[in-house]
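Reading through the structure tokens given below for one structure.
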């Protein structure tokens, strides 16, 4: 079995980030097309600000809306994937540092992941 190396870690992290950004882009584009097909001819009402509907203010609601092929739900899911991509990178780094038996970096990266998760959860995601 080959050893886990820094170069291998960099390749996996690069792939993880590329896949996350590409998946996010694809979801946002699909959501935009679905929205435009369904509502492209609707008149715009720029005089009144309308925030996101309650169904799109939490992860469960966003996933539910995306599964029923709602354009805004798919767009929001794409944005969630974009936000989750660097978090997944940090989580993977913990595993990579553990495989390298670098406990100092495991601890530091675990603290970074905890701060990220606390920030996201306290923001209401």
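The values are calculated or read from the model by the stated rules, or taken from the named source; none is laboratory data. It should be emphasised that the depicted structure is a prediction, and the values quoted were computed from it without experimental measurement. Methodologically, a virtual Cβ is constructed for each residue, glycine included, from the backbone with ideal geometry; neighbour enumeration extends over all protein chains shown.
Would you mention how many residues in the stretch 89-125 are under 24 Å from residue 31 (Cβ atoms) and either touching a helix residue (DSSP H, G or I) at 6+ places or on another chain (Cβ under 6 Å) or modelled with pLDDT of 95 or more (or both)?
Residues meeting the conditions: 1.
Scan the stretch 67-85 for residues that are free of Cβ contacts under 8 Å to residues at least 12 places away in the same chain and under 18 Å from the mean Cα position of the chain (by Cα) and report the count.
Pass one, the stretch 67-85, residues free of Cβ contacts under 8 Å to residues at least 12 places away in the same chain: 67-68.
Among the residues that remain, those that are also under 18 Å from the mean Cα position of the chain (by Cα) are: 67.
Count: 1.
Please tell me if residue 78 is within 30 Å of residue 33 (Cβ to Cβ), modelled with pLDDT of 95 or more and either out of contact with any helix residue (DSSP H, G or I) (no Cβ under 6 Å at 6 or more places or on another chain) or surrounded by 14 or more Cβ atoms within 10 Å (Cβ to Cβ) (or both).
So residue 78 passes the test.
Please determine, by comparing only the residues of the stretch 87-101 that are outside any loop (DSSP other than H, G, I, E, B) and in contact (Cβ under 8 Å) with a residue 60 or more places away in the chain, which one is farthest from residue 6 (Cα to Cα).
Ranking the candidates gives 88 first.
Restrict the check to the stretch 9-16 and report whether at least one residue is more than 20 Å from the chain's Cα centre (by Cα), under 27 Å from residue 93 (Cα atoms) and in contact (Cβ under 8 Å) with a residue 12 or more places away in the chain.
Taking every residue of the stretch 9-16 in turn, at least one turns out to be more than 20 Å from the chain's Cα centre (by Cα), under 27 Å from residue 93 (Cα atoms) and in contact (Cβ under 8 Å) with a residue 12 or more places away in the chain.
Could you tell me which residue of the stretch 10-46 is surrounded by the fewest Cβ atoms within 10 Å (Cβ to Cβ), considering only residues that are modelled with pLDDT under 85 and assigned to a helix (DSSP H, G or I)? First the steps, then the outcome.
Within the stretch 10-46, the subset modelled with pLDDT under 85 is 38-46.
Keeping just the survivors that are assigned to a helix (DSSP H, G or I) gives 38-39.
Values: 38: 13, 39: 10.
In this case the residue turns out to be 39.
Somewhere in the stretch 51-62, is a residue assigned to a helix (DSSP H, G or I), surrounded by fewer than 12 Cβ atoms within 10 Å (Cβ to Cβ) and modelled with pLDDT of 80 or more?
Among the residues of the stretch 51-62, at least one is assigned to a helix (DSSP H, G or I), surrounded by fewer than 12 Cβ atoms within 10 Å (Cβ to Cβ) and modelled with pLDDT of 80 or more, which makes the answer yes.
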